[in-house]
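Colleague: Pasting in a structure now, in structure tokens, and then I'll have a few things to ask.
No value in this document is a laboratory result; all are computed from the given coordinates. Everything numeric here is computed off the predicted structure, so don't read it as measured data. Glycine also receives a Cβ, built like all others from the backbone with ideal geometry; neighbour counts cover every protein chain displayed.
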Amino acid sequence: MVADHQTRWLDVIRSALVTATAPLYVVTDQPYAATEILLGYVRLHQDNLSMRQQLLTLSLEAQRAHALFEENERLRALLGSSSRVEGRVLFAEVIGIVPDPTARSLILGKGDLHGVFEGQPVLDSDGLMGQVVEVGRHSSRVLLITDPTHVTPVLVNRNDYRALLHGTGDAARLELRHVPETADVRVDDLLVTSGLDGRFPSGYPVAVVYSVELEPGEPFLSIRARPLAQLERSRHLGLVARPEAGVLPDMLLTVPPAGTTAGEDEAGP
Amino acid sequence: MKFPDTLVIWSTLLLALLLTAVRLPVGTPEILAWLRPEWGAIVLLYWVMAVPQQVGMLTAWVLGLLVDSLTGTLLGLHALGFVLVAFVGLSMYERLRMYSLFQQALIVFVAIALARLLGFWADVLTRGATWTPMVLLPALTSALLWPPAFTLLRALRRRFRIA
């Protein structure tokens, strides 16, 4: 156990074991998969209509976004900063949910063979879900952002204030820890990934703040946020491919390493 | 035709693993997740008690590793717990066979509670878990499940003439 916790020697064994045990999840997930398919037939027509509308709206937005992206790239080039390369997205289906009340993780139906790697960010259509922590041949394990051991470096979208978002084990609650009472964080603030960890791509929505309280006698604010991704419901997820080399070192040169100072750094410009 | 004993035993252990992986629909109350019995430990304890010369610490360890992989816990956490359960079973299987189902269930509770506490302790060290009496709930539900599980597994053992 010490070897597993402190070192990476057992990764090979873990990976082999998850390859062996993931099929069990496929079996136990069958009732849910079947319900999904049946419901799918019932709602087919309705779903089709609403998806057409959604497709139209999104493609209109995509046209606009494309123009903005081009403009952004030109401006970045003018500023001399590195260009943001958006990685390819790999789609995977959830084949199992780990039934442990103290941990939050999922099993995905894609693994090593499909190019999944450890540390890969996982998103759904609404926001960040988590990251891959174990990769088997045909399956992988995803640690969700709500797991008590997961920490996501985020920015407050409104003012670029940097902080660390901790999971709590509660599916509907995340916490910003070590934020001083002078910090400008309000209810309804959107938290997005900062990308400073070099693991999650920057700018993806993660959570919305729903309560900010100062408890008497406590040095830090108690800030709670609700995850945006449908952590318990989404079945089809996107895995973002590794960001192109060059993005990370450049960022590390220009930005002080916020991740190492436990989020107690001052507010951004 | 007689099936090999190992095959039958591992089939039941596989079934226990499957039950471990079953999840409840989204939206069921949290408490139900805590009530989940330690299926692996129940089945393991039965076989240790019934055929201690065939099922022992090694089986317990392998089964525990599989459960660790299944639940994503620290590799060895369930393995150690299950080895402990098997040890309890091995050290008193002769007495266990004499006990009534109720007395056996009591031992099941103690053995699984010990394993859970061991696992919880590892969780505290590695993930900073906080104590809640819920940690012991699976031991309780496992003990309650012991009589039916015992009856079923004994019927199976007699059917396949494992001794």
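Colleague: If you go through the range A:177-202 one residue at a time, how many are in contact (Cβ under 8 Å) with a residue 60 or more places away in the chain and under 16 Å from the mean Cα position of the chain (by Cα)?
Modeller: Selection size over the range A:177-202: 8.
Colleague: In addition: Given the criteria part of a helix (DSSP H, G or I), free of Cβ contacts under 8 Å to residues at least 60 places away in the same chain, of a type in the set (Val, Ile, Thr) and within 14 Å of chain B (Cβ to nearest Cβ), does residue A:18 qualify?
Modeller: So residue A:18 fails the test.
Colleague: Scan the range A:89-110 and report the pairs whose first residue is within 7 Å of chain B (Cβ to nearest Cβ) and whose second residue is assigned to a loop (DSSP other than H, G, I, E, B) and not small (Gly, Ala, Ser), with Cβ atoms within less than 6 Å and a gap of 6+ or a chain change.
Modeller: Sorted first by the residue in the range A:89-110, then by its partner, the pairs are A:97/B:23; A:99/B:23; A:103/A:147; A:105/A:98.
Colleague: Which of the numbered conditions does residue A:30 fail, given that it passes all the others? Conditions: (1) more than 10 Å from chain B (Cβ to nearest Cβ); (2) more than 30 Å from residue B:24 (Cα to Cα); (3) among the polar types (S, T, N, Q).
Modeller: Condition (2) is where residue A:30 drops out.
Colleague: May I ask you to list the residues in the range A:138-161 that are assigned to a loop (DSSP other than H, G, I, E, B) and closer than 30 Å to residue A:25 by Cβ?
Modeller: A:138, A:139, A:145, A:146, A:147, A:148, A:149, A:150
Colleague: Quickly run through the range B:126-147 and pick out the residues that are in contact (Cβ under 8 Å) with a residue 12 or more places away in the chain and small (Gly, Ala, Ser).
Modeller: Hits for the range B:126-147 are B:139, B:142, B:143.
Colleague: OK, next. With respect to residue B:123, is the statement that it is among the charged types (D, E, K, R) and in contact (Cβ under 8 Å) with a residue 40 or more places away in the chain true?
Modeller: Numbers: among the charged types (D, E, K, R): yes; in contact (Cβ under 8 Å) with a residue 40 or more places away in the chain: yes.
For residue B:123, the condition - among the charged types (D, E, K, R) and in contact (Cβ under 8 Å) with a residue 40 or more places away in the chain - is met.
Colleague: So residue B:6 clears everything in (1) away from every other protein chain (no Cβ under 14 Å); (2) hydroxyl-bearing (Ser, Thr, Tyr); (3) closer than 23 Å to residue B:148 by Cβ except one condition, right? Which one?
Modeller: (3)
Colleague: Can you name every residue in the range A:204-238 that is part of a loop (DSSP other than H, G, I, E, B) and free of Cβ contacts under 8 Å to residues at least 24 places away in the same chain? If you could, list the steps in order and put the result at the bottom.
Modeller: Pass one, the range A:204-238, residues part of a loop (DSSP other than H, G, I, E, B): A:204, A:214-219, A:221, A:228-235.
Listed by number, the residues that qualify are A:215, A:216, A:217, A:218, A:233.
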